1. So which residues in region B:116-141 are facing another protein chain (nearest Cβ under 7 Å), among the hydroxyl-bearing types (Ser, Thr, Tyr) and buried (at least 18 other Cβ atoms within 10 Å of the Cβ), if there are any at all?
2. Could you tell me whether region B:149-164 includes any residue that is at the interface with chain A (Cβ under 9 Å from one of its Cβ atoms), in a loop (DSSP other than H, G, I, E, B) and modelled with pLDDT of 95 or more?
3. Hey, does region A:263-271 have a residue that's touching a residue at least 24 places away in the same chain (Cβ under 8 Å), farther than 25 Å from residue A:14 by Cα and surrounded by fewer than 19 Cβ atoms within 10 Å (Cβ to Cβ)?
4. Can you tell me which of B:96, B:107 is touching a Leu at 6+ places or on another chain (Cβ under 6 Å) and either more than 10 Å from chain A (Cβ to nearest Cβ) or in contact (Cβ under 8 Å) with a residue 24 or more places away in the chain (or both)?
5. So residue B:238 ticks every box in (1) within 30 Å of residue A:134 (Cβ to Cβ); (2) in contact with a strand residue (DSSP E or B) (Cβ under 7 Å, 6 or more places away or on another chain); (3) assigned to a loop (DSSP other than H, G, I, E, B) but one. Which box is left unticked?
6. Residue B:174 versus (1) hydroxyl-bearing (Ser, Thr, Tyr); (2) more than 10 Å from chain A (Cβ to nearest Cβ); (3) within 13 Å of residue B:116 (Cα to Cα): which is the lone unmet condition?
7. Could you list, in sequence order, all residues of region A:75-115 that are more than 8 Å from every other protein chain (Cβ to nearest Cβ) and among the small types (Gly, Ala, Ser)?
8. Looking only at strands (runs of 3 or more DSSP E) that lie completely in region B:9-77, which have at least 3 residues being in contact with a Lys or Arg (Cβ under 9 Å, 6 or more places away or on another chain)?
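The values are calculated or read from the model by the stated rules, or taken from the named source; none is laboratory data. Since this is a predicted model, take the numbers as computed values, not measurements. Here the Cβ positions follow ideal geometry from the backbone for every residue, glycine too, while neighbour counts run over all protein chains shown.
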Amino acid sequence: MESRTSHIIDEVEAASRIEDGMTVAIGSPTPMALVHQIIRRGLKDLTVVDVGLSLDMLIAAGCVRKVVSYYAGGGFGVPVAPAFRRAAERGEIEVWECEEGILTSGLQAAAQGLPFLPWRGGVGTSLPEVNPDLKVFADPIRGETLLAVPPIKPDVTLLHAAVSDVYGNVQHVGGPGWIDLFMQRAADQTIVQVEKVVANEDVRKDPWATTIAGADAIVRVPYGAHPFYSRGYYVQDNAHLKDYLDASTAAAKGDPAALHAYFARYCREPATHADYLEQIGIRRLLELHEY
Amino acid sequence: MPSDVSAQDLSPQEIMAAFLARDLKDTEHLMVGVAMPIVEAAVRLAHLLHGPNMELIFFGTRMNVADRHTLPLPAFAWDNRVVRWAESFSDTGHRFEDVKHWHKRVFFIGGVQVDPHGNTNLIGVGPDYATLRFRGPGSVGTPTLSTHVGRYYIVLNSHSPRILVERCDYMSTYGWGGGGADARKKLGLPGGGPKYCVTPLCVMDFDEEDKHMRLHSVHPGVTLEEVQARTGFALTIPSQVPTTLVPTPEELHVLRTRVDPEGRLRRM
């Protein structure tokens, strides 16, 4: 009899499962090791379901054709992520305008194999005008005005979690991000990067703690959410994020030197996640263990 | 205790926070989104002064921190350290799965544009959606929240004719639509709609009949003419426009020593 198959792959193989033009959903905490690998590979024309600065990085790196996002703020007092803003204003990316309830409805419709799910939030607004995929309709039971949200089906969902065994039994510290399981259920395949691979016995000790059963692939990348946080492991590297935001802001204003240097240093020169961590440096990484 | 602070020493943001705080009631569930420092201060002030049973919901973190002398929070909304004060999270599972209970909830919203009927825009500005002149951050959860919550407040960091406009280029929340007390009911929106629009110059409410924005009070030192000149549409002006009540000495003391000891509201 053959033995049970391991789900462990490395980040290079994980990114090779993504092809130009695919729809990629990115959960929270942000699976940055996989995001970096997408940029490293120079993938193009992706439809990206994401928020915030990881979305901004993918756009700035030229990987994105279409954005499905409810929020592209920059943080640190910057109301709109700079690369997102510039690309959208210049018509270089298409935006599938939505909001949190519409996005989860679309993901849920995909997971349930339904042509649409109804949602009320957005009725009366411009959302169905600027996003013609959203249809205003009268519900057949009570005749109420609602939006029909079509399925949002990621080809690949990328998530970050605390641990998994080699069979893809994933356990989070403090539970998954609020949208992670919607993305996982809707996607054709889900790749979860984890801080640590644990023994199958460790999972069996507390099977109720398993948040994703049998993820398609597991990538072991300690510090893999850097510069974002990973619950139970490290806090967010705000200094690094601010450096990125400054570089992206300058690039959006026509001076891309700092942004090119950022991508060269953190995405193109390091061949792997371990090389990336060497660029960040052990001192900085250890500082992130102080609450 | 600064009992002799004159109106000149108050920042408009402190007046805004104190006004909002007084309008919030104990036991209410207060949902605070990203990048709203005035609102953060307002709900914490209310919580400390008269709301020991309030629930503060900051970015999915539900907390009751009335017993905390001060409450250091990360400045960055996505910083996971906000969970330090959580009793539970609204973001386990579907963040929006219990909207039927949201009549108890109070929400606060900003906007890149706000029109005379309290409709707001976070999508962007410009005639052509494919190439906006200003691309906004997106709607976050505001379309759903504004649809369902018991009431909400429009809180603006600045008061200008570019923000307070005759017509939003795009609407990401439906306040009172084209006007009229039954506008929301006709669309089947269960929530109570926007109650006040609060800015660094004044407080505005909505006329009971036509739901057009109406001047409620002006902050100390602000003239009616200034408000009108900096509003991009004709406000309804009642015959008597009072001055916004400034924080009491107690409110100001709590605001400056416990809620905002770093003085963020004095530096905006």
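1. B:129, B:139
2. no
3. No, that holds for no residue.
4. Only one candidate qualifies: B:107.
5. Exception for residue B:238: condition (1).
6. For residue B:174, the failing item is (2).
7. Passing the criteria: A:83, A:87, A:105, A:106, A:109, A:110, A:111, A:113.
8. B:29-32, B:55-58
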